[in-house]
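Just so you know, all these numbers are worked out from the coordinates, no wet-lab data involved. Only a predicted model underlies this, so the values are computations on that prediction, with no experimental measurement involved. Here the Cβ positions follow ideal geometry from the backbone for every residue, glycine too, while neighbour counts run over all protein chains shown.
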Amino acid sequence: MTTPAFQRISIETAQTLLHEKTCTLADIRDGQSFAMGHVPGAAHLDGNTVEEFMQNASREQPLIIYCYHGNSSQSAAQYFAEQGFTEVYSVDGGFEAWRQHLG
């Protein structure tokens, strides 16, 4: 079994990274959920937008990925790490935890 090429991080760590560095934030939930609410500045990635994202995103910039609860984002983070993104993070708890954390 291979070691994941990404790191799992807490919401607090994600917020610190976003505050301290220029990061790319990606939401991989479905379009309707994204439209109903997302973390400000997040790009919505799905089967229709991922190819364009891959062409335009900086692979050197930290990439923070979240989903609903932090499960699907791990697979997505692994995928992006395999595509040459050098610093990839999956947010534990996903958007639901982020939303609750922000109160």
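For segment 70-79, the count of residues that are of a type in the set (F, W, Y) and under 13 Å from D27 (Cα atoms) is zero.
Could you list, in sequence order, all residues of segment 30-55 that are within 20 Å of Q83 (Cβ to Cβ) and either without any contact (Cβ under 8 Å) to a residue 12 or more places away in the chain or not aliphatic (A, V, I, L, M) (or both)?
Kept after step one, since they are within 20 Å of Q83 (Cβ to Cβ), are these residues of segment 30-55: 42-55.
H44, D46, G47, N48, T49, V50, E51, E52, F53, Q55 - these are the residues of segment 30-55 that are within 20 Å of Q83 (Cβ to Cβ) and either without any contact (Cβ under 8 Å) to a residue 12 or more places away in the chain or not aliphatic (A, V, I, L, M) (or both).
Yes or no, residue by residue, for (1) aromatic (F, W, Y); (2) surrounded by fewer than 14 Cβ atoms within 10 Å (Cβ to Cβ); (3) in a helix (DSSP H, G or I):
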{"site": "I65", "(1), (2), (3)": "no, no, no"}
{"site": "H69", "(1), (2), (3)": "no, no, no"}
{"site": "S73", "(1), (2), (3)": "no, no, yes"}
{"site": "A76", "(1), (2), (3)": "no, no, yes"}
{"site": "F80", "(1), (2), (3)": "yes, no, yes"}
{"site": "F85", "(1), (2), (3)": "yes, no, no"}
{"site": "S90", "(1), (2), (3)": "no, no, no"}
{"site": "Q100", "(1), (2), (3)": "no, yes, yes"}
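The set of residues in segment 46-63 that are assigned to a helix (DSSP H, G or I) and either of a type in the set (V, I, T) or farther than 24 Å from E20 by Cβ (or both) comprises V50, E51, E52, M54, Q55. Looking across segment 16-34, the residues that are in a loop (DSSP other than H, G, I, E, B) and either surrounded by 14 or more Cβ atoms within 10 Å (Cβ to Cβ) or in contact with a Cys (Cβ under 6 Å, 6 or more places away or on another chain) (or both) come down to C23, I28, R29.
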